[in-house]
Structure formats: C-alpha cells, structure tokens
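**Student:** Let me begin by handing over the structure; questions about it come next.
The values are calculated or read from the model by the stated rules, or taken from the named source; none is laboratory data. Just so we're clear, the structure is a prediction, and the values are computed from it rather than from any experiment. Positions of Cβ are backbone-derived with ideal geometry, glycine not excepted, and every protein chain shown enters the neighbour counts. Surface areas here come from the heavy atoms of the whole protein model, side chains and all, with no ligands, DNA or RNA. Shrake-Rupley method; radii C 1.70, N 1.55, O 1.52, S 1.80 Å.
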Amino acid sequence: QEELYYLTDTTKYNPAIDTKYFDIRSNLFTCYWSATGYKNDSSSAWVVVFNLGLDDWVKLSSTVFALCVR
C-alpha cells in the first residue's frame with residue numbers, strides 16, 4: 001500500500017499522479033488495488049485514489065482497478 005501511495009503527487013489534484021507515466025481512469029473516486037490487506041477486516045484491502053491523492057480500504061468484493069508497476 002505504501003509503495004502504491006508514494007506514486008501520488010501531493011502537489012497535484014485530479015489527478016494526483018504524473019500522467020506522463022501512468023494512464024489512470026479520470027473518475028474522481030476511482031480506486032486502485034494495493035496488495036496490502038486491511039488488518040482490522042480480512043475481507044478488505046487498501047486502495048489508492050489517484051485523482052484525490054489519498055488511500056482508503058474497501059471490501060475485496062468491490063470493483064476496483066489495478067495499476068501495474070514494477
């Protein structure tokens with residue numbers, strides 16, 4: 001979750017990521033999965049919302065995008 005979150009650029013908004021390198025969906029609340037589970041709820045995981053530059057957790061049954069990074 002931290003590695004994905006660190007891709008955000010807190011000096012930018014909508015999107016808060018460098019679009020020169022990352023092609024993300026432009027919907028305001030579009031989430032991207034991290035590989036980090038949410039420790040208080042095993043049926044949830046952390047996500048990053050690049051348009052807002054924040055992280056949150058959602059249920060694993062949610063429809064969320066993935067961003068391939070290496």
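**Student:** Between a residue in segment 34-53 that is within 26 Å of Tyr13 (Cβ to Cβ) and any residue that is polar (S, T, N, Q) and modelled with pLDDT of 95 or more, which pairs come within a Cβ distance under 6 Å, given they are 6 or more apart or on different chains?
**Tutor:** Final answer for the pair search is Tyr38/Ser44.
**Student:** While we're on this one: Taking segment 1-23 as the region of interest, how many residues are β-branched (Val, Ile, Thr) and crowded, with 18+ Cβ neighbours inside 10 Å?
**Tutor:** Looking only at that region, the number is 2.
**Student:** Now for a separate question. Restricted to segment 54-69, and to residues that are open to solvent by less than 40 Å² (accessible area, probe 1.4 Å) and assigned to a loop (DSSP other than H, G, I, E, B), which residue is nearest to Thr8 (Cα to Cα)?
**Tutor:** Per the stated criteria, the residue is Leu67.
**Student:** Let me ask something else about it. Quick one: count up the residues across segment 24-53 that are within 11 Å of the chain's Cα centre (by Cα), open to solvent by 100 Å² or more (accessible area, probe 1.4 Å) and over 13 Å from Leu67 (Cα atoms).
**Tutor:** Result for segment 24-53: 1.
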